[in-house]
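Below you'll find the structure, written out as structure tokens, and then a few comments.
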Amino acid sequence: MRPEIAEPVRDQFKLKKLLPIAEEIYRLHEAGVSYAEELKQVSRIAGRIVDVPMVKYAFGTGDPEYFARRLLIEWHSFPSDLSRDEMLELMHALCGVKGTQDRCEYWLKCLEASTGEPELTNLIYWPDQYQGGKYADRDLSPEEILEVALLHGSRRDT
């Protein structure tokens with residue numbers, strides 16, 4: 001797996017700086033205490049505005065490390081040139097839950113970009129909601145999921 005895909009957080013130094021602040025934000029959030037100053041620090045480190053709704057989402061979804069990691073991942077740009085072997089490796093990693101939550105989210109976005117199939121999440125996790133339930137009664141292997149995604153996606157040149 002390409003290093004930049006295996007570890008989507010590019011700046012580990014920033015992550016080290018963010019982690020203790022993220023832990024403090026979670027602690028303050030849980031206590032119902034303001035954490036406005038901590039959000040300013042996080043925003044400066046992450047290079048983007050981080051607000052209370054982002055904390056609430058992360059708090060309900062993951063731990064402080066998940067929150068910090070998600071802030072440092074470039075969510076607007078994904079490699080769309082993965083080879084079939086790379087896509088299959090990611091599909092196996094996703095289906096086998098071989099990564100942290102943020103990595104799996106990133107890998108899924110990479111696969112969507114490379115297959116051209118925006119409904120890949122449904123195919124993997126909710127097949128009854130994919131293509132009118134066409135694959136609902138089948139337990140698809142990672143290889144089969146990739147074939148279906150390539151068949152229905154806009155990228156068919158692999």
Somewhere in region 18-38, is a residue surrounded by fewer than 18 Cβ atoms within 10 Å (Cβ to Cβ), within 19 Å of the chain's Cα centre (by Cα) and outside any loop (DSSP other than H, G, I, E, B)? yes
Tally time: how many residues in region 106-120 are within 21 Å of R69 (Cα to Cα) and touching a helix residue (DSSP H, G or I) at 6+ places or on another chain (Cβ under 8 Å)? 6
With criteria (1) under 30 Å from E23 (Cα atoms); (2) assigned to a helix (DSSP H, G or I); (3) in contact (Cβ under 8 Å) with a residue 24 or more places away in the chain, E74 comes up short on (2)
Conditions: (1) closer than 21 Å to M1 by Cβ; (2) β-branched (V, I, T); (3) not in a loop (DSSP other than H, G, I, E, B). V55 meets all but one. Number of the miss? (1)
Hey, V9 hits all of (1) outside any helix (DSSP H, G or I); (2) within 16 Å of the chain's Cα centre (by Cα); (3) within 28 Å of V148 (Cα to Cα) but one; which does it fall short on? (3)
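All of the numbers you see were taken from the coordinates with simple rules; none came from a lab. Since we're looking at a predicted model, the values are computed, not measured. In this analysis, Cβ positions are derived from the backbone assuming ideal geometry, glycine residues included, and neighbour counts consider all displayed protein chains.
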